[in-house]
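Here, each number is a calculation from the coordinates, and none is a lab measurement. None of these values were measured; they are calculated from a predicted model. Virtual Cβ from ideal backbone geometry, glycine too; neighbours counted across all protein chains shown.
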Amino acid sequence: MTGDVTGDLTGAGAVREATAEGTGTAGPPLPLIGLAHGSRDPRAGAAIAALLRAVADARPGLQAEPAFLDLTDPDLGTAVRALDADRAVVVPLLFSSAFHARVDAPEAVERAERETGTCLVRADILGLGAPVLRALRRAAERAGIGDEVPVLLLAVGSSVPAANAAVQALAEQWSTHRPAPVRAVFATSEPRAVPALEQARGQGPVAVVPLFLAPGLLLDQVRDHPAAAGVPFAEPLGTLLAGLVLERYDAALPENRAASR
């Protein structure tokens, strides 16, 4: 599952070059914990674990483990205790600066520090920049979705308008790279995915590319709806974002943060 990680998302050879960076010390690299939202669907936890295995495979010697904000084990405190380390980097596996990124993740990191006595460095979220766009294009390619087919970019949705607007902006940016348009739709906010899918199908062929890290119940609600019958769906991004997780980890390392000041 890691064959596409190096070179797909972070520029030619970027992940391979990153493997030689280390932490600026003679000791082992600081452990990395990928902090995801969590889901009642066991497939989601398995997919996040696979992503962290891909991260570790791309960086020999790096311990990379999953943790979850809710609904899935382990929580962050449990994951930190299992490391047997006095410092670690936490990468929030989140796309937008909505509630989970602004409140839940920082609170989880602070709580885990208090409970474990471990120094935790919180990295930036994954965001919605160029690496994510490259991953979406790769996911569409893997699903056989050509550039001539209109795409619905399916995201979870947020009560924070700016978070939804960022997804809209990503869809517009992707549209500039292909002849057919890309439109952002959401599972929990407007414009809703199913009505948009019904409308788009009435106008011709359409495909769906999820802005999801992992499978889950919200994605299934759209994929399994009668309106989606026969519509090509790309898979969640999963291990395609291993390179981006490493980028966030490297940028958060104390010596790299100090050098950037």
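Sequence gap at least 6, Cα distance under 8 Å: using those rules, report the relative contact order of the stretch 130-236 to the nearest whole percent. So the answer I get is 34 percent. Averaging Cα coordinates gives a centre for the stretch 121-139 and one for the stretch 168-215; these two points are 18 Å apart. Packing here is the average count of other Cβ atoms within 10 Å per residue, and on that basis the peptides 82-88, 33-39, highest first, run 33-39, 82-88. Could you work out the local net charge near His177, counting Lys and Arg as +1, Asp and Glu as -1, over the other residues with Cβ closer than 9 Å to its Cβ? With Lys, Arg at +1 and Asp, Glu at -1, the neighbours total +1. Both radii are taken from the alpha-carbon atoms of the stretch 130-236; with Rh as the Kirkwood radius, Rg/Rh is 0.92. So, counting K/R as plus one and D/E as minus one, what does the shell of residues with Cβ under 13 Å around Gly146 add up to? Result for the neighbourhood of Gly146: 0. Per residue, the chain reaches -12000 deg cm²/dmol at 222 nm when only DSSP H runs of four or more residues are counted, each adding -39500 (n - 2.57). With Cα atoms as the point set, the radius of gyration and Dmax of the chain evaluate to 18.5, 61 Å. In angstrom, the C-alpha Rg and Dmax of the stretch 42-111 are 12.3, 34. Shown for the chain are the DSSP H helices of 15 Å or more along their axis, judged by Cα atoms, with a mean Kyte-Doolittle hydropathy of at least 0.5: 42-58. A cut-off under 10 angstrom between Cβ atoms defines the neighbours of Cys119, and their net charge, with Lys, Arg +1 and Asp, Glu -1, is -1.
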